[in-house]
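Laboratory data are not the source of any read-out in this text; all were calculated from the coordinates shown. Not measured: the values here are computed from a predicted model. Cβ coordinates were reconstructed from backbone atoms using ideal geometry, including for glycine residues, and neighbour counts include every protein chain displayed.
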Amino acid sequence: MLAIETHNLSKRFGDTIAVRQLELRIPKGILFGFLGPNGSGKSTTLKLLTGLLSPTTGEVIISGLPVSGAAIEVKKQIGVLPEDLALFDSLTIWEHLLMVGPVYGLSRAETERRGHQLLKYLDLWTERNTDVDQASSGMRKKCSLAMALIHNPQVLFLDEPFEGIDPLSSRRIKDLLLMMTSKGVTVFLTSHILEVVERLVHSFAIISAGQVVCAQTMAETTASGETLEDLFFRHIVQGKTEDLEWIA
């Protein structure tokens, strides 16, 4: 069964085409990396997949449900760590979790139980009463991640989950994501940290100028003798050092 699929998905902003005829087929229970340079269309794609943006053309289907026609049902099944984290500065970390649990139909007691477990695991429990505007960037990201996880989503979308995270928390998050996929959860993540992605994902796609330029499994990449970094830089046009002849 496919967890995420898109058909002819495009998004235009005025004269700019941010995503162009995107075709994705992502099976249930895998960890999928979506890679590309800044401005390539990664965040726009993520917003289309999670229903935050409406496509100009095409459609998105999550767990068999069309996002455009069953938005509420889809949102019950997905968790999202967004680019901007979507937090309220005047609320504490704990208040964020108490707020979001009932949105997904959790009782106060179950929200507290799951919230306590998540914050302990993410090493946030002792800081749970910190106002978000006083929290570090790593604490803010882990708070947003806990909110995305508390309702036990079947498809998890993560925008740069390891950016600004300390090594211990990064390792715990990796272990958590691998455990989730082993239990059938699908994880879709974007990241600029290619070394982390290479060790973590089952398959990936590279996007440039709104189009997928490479899509394959990590097993295929390893068998080819190339690294993920090799593939990334082969498909993404970069400036050459010889163009900087004035240096030194």
Pull up the DSSP beta bridges for the stretch 116-232 and report the antiparallel fraction as a percent, rounded to 5.
55 percent
What is the packing order of peptides 148-161, 213-226, 120-133, taking the mean over residues of other C-beta atoms within 10 Å and listing the highest first?
148-161, 120-133, 213-226
Charges at C-beta only: +1 for Lys and Arg, -1 for Asp and Glu. How large is the resulting dipole of the stretch 2-238 about its Cα centre, in Debye rounded to 20?
580 debye
So for the stretch 1-59, considering every pair of alpha-carbon atoms, how many percent are separated by more than 12 Å?
67 percent
The percentage of Cα-Cα pairs in the stretch 73-166 separated by more than 19 Å is 34 percent
Labelled set (i) 1.05; (ii) 1.17; (iii) 1.23; Cα Rg over 2.2 N^0.38 Å computed from this model equals the value at (i)
Cα Rg over Rh - the stretch 24-99, Kirkwood:
1.00
Within a Cβ distance under 13 Å of L178, other residues only, what is the Lys/Arg minus Asp/Glu net charge?
+4
Please report how many Lys pairs in the stretch 2-238 have alpha carbons closer than 12 angstrom, counting only residues at least 8 apart along the chain or sitting on separate chains.
4
Taking only Cα atoms, what is the 0 to 90° angle, nearest 10, from helix 93-103's long axis to the longest principal axis of the chain?
90 degrees
Angle between the chain longest axis and helix 108-121 axis [Cα atoms, degrees, rounded to 10]:
50 degrees
Within 10 Å, Cβ to Cβ, of D131, how many net charges do the neighbouring residues add up to if Lys/Arg are +1 and Asp/Glu are -1?
-3
State the Cα centre-to-centre distance between the stretch 5-34 and the stretch 183-202 in whole Å.
17 Å
Distant-in-sequence amide H partners of L158 (H built 1.01 Å from N, under 5 Å)
L81, F188, L189, T190
Under the Karplus relation 6.51 cos²θ - 1.76 cosθ + 1.60, θ = phi - 60°, what is the ordered set of whole-Hz ³J(HN,Hα) values for the stretch 44-57, x standing for Gly and Pro?
5, 4, 4, 5, 5, 5, 9, x, 6, 10, 9, x, 6, 9
Percent antiparallel among DSSP beta bridges confined to the chain, rounded to 5, stands at 55 percent
What does the net charge come to around L85 if you take all other residues with beta carbon closer than 13 Å to its beta carbon, with K and R at +1 and D and E at -1?
-4
